[in-house]
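The structure appears right after this line, and notes come after that.
The values are calculated or read from the model by the stated rules, or taken from the named source; none is laboratory data. In this text, all values refer to a predicted model and were calculated from it rather than measured experimentally. Neighbour counts are summed over all protein chains in view; Cβ atoms, including those assigned to glycine, are modelled from backbone coordinates with ideal geometry.
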Amino acid sequence: MDLNSKHDKRSITVLDYAPFTDPGMMEGINNLSAGLQGAVIQHINSTFVGGGVAEILQSLTPLMNSVGLQARWDVLRAECSFFECTKAFHNAFHGEDLDLTEEMRETYRQTTADNLDLVAEDADFVVLHDQQPLGLAERKDRQGGKWIWYCHIDPINVDRDLWSFLSRYAGRCDAAIYHMAEYAKDLGNRQFFLPPAIDPLSEKNREVTEGECAAVLAGFDLPQDVPVILQVSRFDRLKNPFGVVDAFLAVTEEIPSHLVLAGGAADDDPEGQEVLNELLQKIDNHPSITVLNLSPTSHLEINVLQRTADIIVQNSVREGFGLTVTEALWKAKPVVATPVGGILKQVIHEETGLLALGTAELAACLRRLLLNPELARELGRKGREHVRKKFITPVYLYNWLSLLTELNK
Ligand code: UDP
């Protein structure tokens, strides 16, 4: 299967986004893209489905093509043992202890070596997304083009041994991109700050008809007569669905409501099943809690769940950016989220949502929103506008084009 042509098939153009943008944005995109016509940009990551990076690349790749770049997207070929290793790396970026054994280093080096031919020889820009494909920077000296490491996770508490192992590769790149300035690491190369974005025209975020909503909800058997609280996330400890259950149980005793925990697997996340099993055990068939284990292509389902929920929670312990929050805000929903990582750029407390740390605070915010629909509406309205201005794909494309132009100087 030629996945690049598959992802290019969406016949969107940048003009389709004009209704969402501020005056001058389309002109800015035109002007910047004029200097980059025909430039080959290759994105490499570790999965076509599941998780934030895949979500971003699904929209960004065709959009870059639509303004005259030659964008392609390739995925590492790797065994389960590699993903076990890089998932442990992921957790160690977020501060978890890691015993970085020689075996892990060797697995990483070997998979890297097996994938060196993945890099396009004619690429003007090679973008390595996150830590999984970072080893490919080995190949940089053998070909031209600018190499970029795009760090989508919060590296502030990265394990020291891991960082000394990986920074050797990252330092070879011409530039590093972080979601925000607070994440910058000293690699001795150029640094850019580029938060991601959601695509307002994708299946995950487009407007849906009442008929589509009804058809999707018919498959889920959710109650219609009580407010629904939702968290959408991979089943991952760092998303802390367990804490959401605790807060919900405290609230639902006083205010009848229903909790939906929707998630699914990602090809590069081998821990999901274990976390899901633990979660089901904790919930113990509670009649007011629904766990939905969705397929990786359930974009419309997630869209409908987000649009029909009354409150959306994101209870992450750590969060690089948190696209699920962006998606929820775009749907004008009241969001309660933890004050961590990129969530802080999105949820401005009492303005575009509510920030809550720990079970008691989360429960208090849920109660407040359930009892105050006017506040919920107002937060949702401002949240959507905040996302429209900063975190939708045309803005992201503009920022990418500025970055590539700058890197070419
Ligand atoms: N997502 C999905 N199915 C799931 C769980 C998540 O499609 O079962 C999507 C979600 O809608 C969002 C992305 O995966 O677009 C998750 O990105 P985020 O930045 O929130 O977290 P990550 O998974 O990258 O840590």
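Here residue 340 passes the criteria (1) more than 11 Å from the ligand (Cβ to nearest atom); (2) within 26 Å of residue 90 (Cα to Cα); (3) in contact with a helix residue (DSSP H, G or I) (Cβ under 6 Å, 6 or more places away or on another chain) except the one numbered (3). Residues that are in contact with a helix residue (DSSP H, G or I) (Cβ under 7 Å, 6 or more places away or on another chain), outside any strand (DSSP E or B) and more than 25 Å from residue 343 (Cβ to Cβ) within the range 145-168 comprise just one, 165. Among the residues making up the range 258-286, those that are more than 9 Å from the ligand (Cβ to nearest atom), out of contact with any strand residue (DSSP E or B) (no Cβ under 9 Å at 6 or more places or on another chain) and not in a helix (DSSP H, G or I) are 270, 271, 284, 285.
In the range 159-188, the qualifying residues are those that are farther than 21 Å from residue 123 by Cβ and within 16 Å of the ligand (Cβ to nearest atom), and the one that is surrounded by the fewest Cβ atoms within 10 Å (Cβ to Cβ) is 180.
If the requirement is being touching a strand residue (DSSP E or B) at 6+ places or on another chain (Cβ under 7 Å) and part of a loop (DSSP other than H, G, I, E, B), which of these qualifies: 95, 38?
Values: 95 fails: touching a strand residue (DSSP E or B) at 6+ places or on another chain (Cβ under 7 Å).
One residue alone meets the criteria, 38.
Please work out if residue 322 is buried (at least 24 other Cβ atoms within 10 Å of the Cβ) and either within 11 Å of the ligand (Cβ to nearest atom) or at positive phi (or both). It is true that residue 322 is buried (at least 24 other Cβ atoms within 10 Å of the Cβ) and either within 11 Å of the ligand (Cβ to nearest atom) or at positive phi (or both). Annotation: of all residues in the range 298-315 being over 16 Å from residue 333 (Cα atoms) and near the ligand (Cβ under 8 Å from one of its atoms), the one that is surrounded by the most Cβ atoms within 10 Å (Cβ to Cβ) is 298.
Listed conditions (1) touching a strand residue (DSSP E or B) at 6+ places or on another chain (Cβ under 6 Å); (2) outside any loop (DSSP other than H, G, I, E, B); (3) closer than 24 Å to residue 381 by Cα; (4) not small (Gly, Ala, Ser) are all met by residue 291, apart from (3). Contact map, the range 291-319: first residue under 25 Å from residue 90 (Cβ atoms) and without any contact (Cβ under 8 Å) to a residue 12 or more places away in the chain, second residue among the basic types (Lys, Arg) and near the ligand (Cβ under 8 Å from one of its atoms), Cβ cut-off under 8 Å, separation 6 or more or different chains; the map is empty.
Within the range 202-226, residues that are under 30 Å from residue 17 (Cα atoms) sit with their Cβ atoms under 9 Å from residues that are in a loop (DSSP other than H, G, I, E, B) and at pLDDT below 95, at 6+ positions apart or across chains, in these pairs: 202/10; 203/297; 217/224. Within the range 68-88, residues that are free of Cβ contacts under 8 Å to residues at least 24 places away in the same chain sit with their Cβ atoms under 7 Å from residues that are among the aromatic types (Phe, Trp, Tyr), at 6+ positions apart or across chains, in these pairs: 85/108.
Scoring residue 329 on the criteria (1) at pLDDT 95 or above; (2) part of a loop (DSSP other than H, G, I, E, B) leaves a single failure, condition (2).
Between 223, 227, which is in contact with a strand residue (DSSP E or B) (Cβ under 8 Å, 6 or more places away or on another chain) and surrounded by fewer than 15 Cβ atoms within 10 Å (Cβ to Cβ)?
Numbers: 227 fails: surrounded by fewer than 15 Cβ atoms within 10 Å (Cβ to Cβ).
Result: 223 is the single residue among 223, 227 that is in contact with a strand residue (DSSP E or B) (Cβ under 8 Å, 6 or more places away or on another chain) and surrounded by fewer than 15 Cβ atoms within 10 Å (Cβ to Cβ).
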